[in-house]
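Below is one structure, written out as structure tokens; comments come after it.
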Amino acid sequence: MTSTRSYNSPLREEQARATREAILSALYALMDSAAAPDAIGMEAIAQEAGLQRRTLFRHFATKDDLLAAFWPWLNAKIGASPSPRTPDDILDGPRRAFPRFDAHEAAMRAALHSRTGREMRAATVEGRRLMFSQALAPVLADCPPAEARKAEALAHLLFSASAWEVLKDYGGLSGAQAGETASWALDVILSAVTSGRSVADVPSHPEETRDDK
């Protein structure tokens, strides 16, 4: 009786990882110049990666398969996927994340506005909502449920790529300024909720030392 031994070459595995990385990096590079990210073709991606089309399709059978792998890869590349565990993670999150979004602006906007980007984000909403609820539980434990839900929803919004984009495009802010603004707004809101005050009772600007003389 003969036996067949399966042999996995470490070199072959490394080559496969390198090829996969080249494909994902090529798509990322093309997003910088693409007016419509969804329209980037597999031929263009293969050319950018320096590969033949059949090699590309050996790793990703369809464009949707490629994009499904791309969005988690992008989150890891940016290093700013919002996964808050504590209230401080949420308060500091925009301040840390938004400048990183600036460094990958074309891809971030593609994630917000392309079909596959919207699908990717929609698939994570429920899990992200639960994560924010659990992170804020220590500071919202004594709040009425309706108030807690409002605070959680605002935290979810302000610590998001959508908030980064709106503050840049409509507020005229840089990513760093947008991050500071969103983190400040979160602090104001959570301070108001946990102290029992209405947000309307909270000063609209951080306290400043002024010399009126």
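Derivation of every value follows stated rules applied to the coordinates shown; laboratory data play no part. Please read these numbers as outputs of a predicted model, since none were measured by experiment. Here Cβ is always computed from backbone atoms with ideal geometry, including for glycine, and neighbour counts include all displayed protein chains.
Between the listed residues THR86, LEU27, VAL125, the Cα displaced farthest toward the positive end of the dipole of the chain, a dipole computed from Cβ unit charges relative to the Cα centre, is found at LEU27. For the range 11-69, relative contact order (Cα pairs under 8 Å, six or more residues apart, normalised by length) works out to 31 percent. Farthest toward the positive end of the dipole of the range 90-168, out of ALA137, ALA103, ALA151, is the Cα of ALA103, where the dipole comes from beta carbon charges about the Cα centre. Taking every alpha-carbon pair in the chain and binning the separations at 10 Å intervals from zero gives 7, 27, 27, 19, 12, 6, 2, 1, 0, 0 percent. Taking a straight line from the alpha carbon of LYS63, these aspartates and glutamates sit under 13 Å away, with near neighbours fewer than eight places off in the same chain left out: ASP38, GLU43. What the Cα atoms of the range 99-188 give is an Rg and a Dmax of 14.3, 42 Å.
Could you tell me the relative contact order of the range 50-180? Use alpha-carbon pairs under 8 Å, at least six residues apart, and round to a whole percent. Can you show the working numbers first?
Details: 104 pairs, mean separation 43.8, N = 131.
Answer for the range 50-180 is 33 percent.
Springs between Cα atoms under 10 Å define the GNM used for the chain, and in it the highest mean-square fluctuation of ARG12, ARG149, ARG54 occurs at ARG12. Computed from backbone phi, the HN-Hα couplings of the range 50-59 come to x, 10, 7, 4, 5, 5, 4, 6, 5, 8 Hz, rounded to whole numbers (Karplus: 6.51 cos²θ - 1.76 cosθ + 1.60, θ = phi - 60°; Gly and Pro given as x). Residue exposure proxy: TRP71, TRP184, ordered by other Cβ atoms within 10 angstrom of their Cβ from fewest to most, comes out as TRP184, TRP71. Exposed loop sites, defined as GluC sites (Glu not before Pro) outside DSSP H, G, I, E and B with at most 14 other Cβ atoms within 10 Å, are absent from the longest region of the chain, namely 1-206. Let me make sure I get this right: for the range 36-137, a, b and c are the square roots of the gyration tensor eigenvalues over alpha carbons, sorted descending. Under 1.5 in a/c it's rounded, otherwise prolate if a/b > b/c, else oblate. Which is it? In terms of gyration-tensor shape, prolate. Counting neighbouring beta carbons within 10 Å and listing from fewest to most, the residues THR62, THR86 come out as THR62, THR86.
Using the Cα centre as the reference, give the magnitude of the dipole from point charges on the C-beta atoms of the chain (Lys, Arg: +1; Asp, Glu: -1; all else neutral), rounded to the nearest 20 debye. Show your work: numbers first, answer last.
Details: 25 positive and 28 negative charges, 206 e Å.
Magnitude of the dipole: close to 980 debye.
Close amide H pairs (under 5 Å, H built 1.01 Å from N) link LEU173 with LYS168, residues at least 5 positions away or on another chain. Could you give the nm distance between label points at ALA29 and ALA122, where each point is 7 Å from its Cα heading toward the beta carbon? Distance between label points: 3.2 nm.
If each DSSP helix of 4+ residues adds -39,500 (n - 2.57) and the sum is divided by the residues in the chain, what number results at 222 nm, nearest 500 deg cm²/dmol? Spell out each step's value before the answer.
Details: 10 runs with 149 residues, N = 213.
That comes out to -23000 deg cm²/dmol.
Just so you know, the Cα atoms of the range 11-69 work out to an Rg and Dmax of 11.0, 38 Å. Cβ crowding within 10 Å ranks VAL166, VAL125, VAL193, VAL139 as VAL125, VAL166, VAL139, VAL193, fewest other Cβ atoms first. How far, in degrees from 0 to 90, does helix 10-31 lean away from the longest principal axis of the Cα atoms of the chain, to the nearest 10? Roughly 50 degrees between the two axes.
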